[in-house]
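Since the structure comes first, as structure tokens, the remarks are kept for the end.
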Amino acid sequence: MRARVVYESMFGNTATIAEAIAQGLGIHATVEVVDVTTAAQLPEPTVDLLVVGGPTHAFGLSRPRTRRDAATRTSAPVAVETGIREWLESALPVPEGARAAAFGTKAAHPRRLPGSAARGIGRRLRGLGYQLIGEPTDFLVDAMTGPLTAGELDRARRWGEQLAHIELERDASHICRRRE
Ligand SMILES: Cc1cc2nc3c(=O)[nH]c(=O)nc-3n(C[C@H](O)[C@H](O)[C@H](O)COP(=O)(O)O)c2cc1C
């Protein structure tokens, strides 16, 4: 199985989660991890599973305005114009049977806010025709710029493994059906 993990990250936390998910997926898949700016320059993904994640900003997916705000809080370069929202808006509908999974990050403190990048990404992926694998899942950071909340890296690795198992079982049942 081939998988691609595409992420957006201002402070590095979603990037770290993306790598952990890729590690988990790696038990059964060849995985590439690319940030959304790079993904926007690549041809449409022809992988078996596309996994997409980004940070929750203002209760949903980031926008140029929220990315500009984030840029004032970090010395790391922030791509203001293109995020997951814009990348998915410009994506083409996919053929039936294409599979994807959605994840996000969000802040646990000072209080847990409503809204979820994972759910927003999941909705958009479904709208493009993807069949969603697993539940859209958010991972927590302690505060706006991080660090990741204790245990979240392991949870991300396990989530990646679960996705790989779902894909593996699906492949196995296809092979059995073909033999019948
Ligand atoms: C402009 C801005 C708005 C944010 N809005 C929310 C929010 O509505 N809910 C939430 O849980 N976290 C919010 N956060 C915290 C982000 O989710 C957090 O910075 C992100 O998960 C860190 O991921 P990153 O290091 O990959 O950028 C916001 C952060 C920024 C910069």
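The values are calculated or read from the model by the stated rules, or taken from the named source; none is laboratory data. Model, not experiment: these values are computed from the prediction. Neighbour counts run over all protein chains shown; Cβ positions are idealised from the backbone, glycine included. With ligands, DNA and RNA removed, areas are computed over all heavy atoms of the protein, side chains included. Shrake-Rupley method; radii C 1.70, N 1.55, O 1.52, S 1.80 Å.
Could you please find all residues in the range 99-144 being more than 10 Å from the chain's Cα centre (by Cα) and among the hydroxyl-bearing types (Ser, Thr, Tyr)?
Of everything in the range 99-144, those that are more than 10 Å from the chain's Cα centre (by Cα) and among the hydroxyl-bearing types (Ser, Thr, Tyr) turn out to be 116, 130.
Got at least one residue in the range 92-111 being near the ligand (Cβ under 8 Å from one of its atoms), of a type outside the set (Gly, Ala, Ser) and modelled with pLDDT of 95 or more?
yes
Pairs needed: first member in the range 78-97, polar (S, T, N, Q); second member anywhere, assigned to a helix (DSSP H, G or I) and surrounded by fewer than 17 Cβ atoms within 10 Å (Cβ to Cβ); C-beta distance under 6 Å; at least 6 residues apart or different chains.
Going by the 6 Å Cβ cut-off, the qualifying pairs are 82/37.
Table: residues versus (1) assigned to a loop (DSSP other than H, G, I, E, B); (2) open to solvent by less than 60 Å² (accessible area, probe 1.4 Å); (3) of a type in the set (S, T, N, Q).
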| residue | (1), (2), (3) |
| --- | --- |
| 95 | yes, no, no |
| 101 | no, yes, no |
| 134 | yes, yes, no |
| 154 | no, no, no |
| 159 | no, yes, no |
| 168 | no, no, no |
| 175 | no, no, no |
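Scan the range 112-146 for residues that are hydroxyl-bearing (Ser, Thr, Tyr), within 16 Å of the ligand (Cβ to nearest atom) and over 18 Å from residue 12 (Cβ atoms) and jot them down.
Of everything in the range 112-146, those that are hydroxyl-bearing (Ser, Thr, Tyr), within 16 Å of the ligand (Cβ to nearest atom) and over 18 Å from residue 12 (Cβ atoms) turn out to be 116, 137.
Any residue in the range 16-41 that is in contact (Cβ under 8 Å) with a residue 24 or more places away in the chain and closer than 11 Å to residue 164 by Cα sitting within a Cβ distance under 9 Å of a residue that is open to solvent by 70 Å² or more (accessible area, probe 1.4 Å) and of a type in the set (S, T, N, Q)? List the pairs, counting only those 6 or more apart or interchain.
24/162; 31/23
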